[in-house]
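Some notes on the structure that comes next.
Any read-out appearing in this document is the output of simple, stated calculations on the displayed coordinates, not a laboratory observation. Worth saying up front: this structure is predicted, and the values here are computed from it rather than measured. Positions of Cβ are generated from backbone atoms using ideal geometry, with glycine treated the same way; all protein chains shown enter the neighbour counts.
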Amino acid sequence: MWSFIEIGYAKLPKKEKERIEKEAQPFGKHVMFRGFDGNYEAEHLNVAQFMIDDMGSFSNFKGRDLNSHAPTVAAYRRIYRLFEPIRASLGGGNELGASEIIELLKAMMHPGRR
């Protein structure tokens, strides 16, 4: 999921990135997979590190500090619920547009804080 988000974001023109930053605050400025909390989501963090470092999967995340220092699993689940139907509609292409990225990033915000 985050590979799709990051690749789509990277290919957008500057104007669209600025739109994402504005419309998906506070998550639109640094659009990247932040990993998992090392204290409360250690199992998720360890699996991610194993997949990236040992299995060679998701090479675009290699070398990153994947300790987000804040819980992320609940936010990622909210994003994933929106992502799956979007992904199915992409067909052969795998690039997300600005509107889709905004929708996904906005889902990171806890519903009680919107």
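Based on the alpha-carbon gyration tensor of the chain, what equivalent-ellipsoid semi-axes (square roots of 5 times the eigenvalues) come out, in whole Å, largest first? Write down the numbers at each step before the final one.
Working: eigenvalues 102, 61, 37 Å².
Working through the eigenvalues yields semi-axes of 23, 18, 14 Å.
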Checklist outcome for this item: Output ordering of 5-11, 52-58 (per-residue mean of other Cβ within 10 Å, highest first) is 5-11, 52-58
Item to check | Charged-residue dipole, Cβ positions (Lys, Arg, Asp, Glu), the range 2-113 about Cα centre, Debye nearest 20 | outcome: 440 debye
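Would you count, across the range 2-113, every pair of lysines whose alpha carbons are under 15 angstrom apart, provided the pair is eight or more residues apart or spans two chains? The partial results should precede the final answer.
Values: K14/K22; K14/K29; K15/K29; K17/K29; K17/K106; K22/K106; K29/K106.
For the range 2-113, the number of qualifying lysine pairs is 7.
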Next on the checklist: So for the range 2-113, averaging the separation of alpha carbon pairs under 8 Å that are six or more residues apart and normalising by length, what relative contact order in percent results?
Outcome noted: 39 percent
Checklist outcome for this item: Here the gain from full extension of H110 to H69, 0.36 nm per residue of separation minus their alpha-carbon distance, amounts to 13.1 nm
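How much length is gained on full extension from K11 to R77, taking 0.36 nm per residue of separation minus their Cα-Cα distance?
Extra length available between K11 and R77 comes to 21.3 nm.
Counting helices only, and only those DSSP H runs with n ≥ 4, report the 222 nm mean residue ellipticity of the chain as the sum of -39,500 (n - 2.57) divided by its residues, in deg cm²/dmol to the nearest 500.
Details: 5 runs with 53 residues, N = 114.
Mean residue ellipticity, 222 nm, calculated: -14000 deg cm²/dmol.
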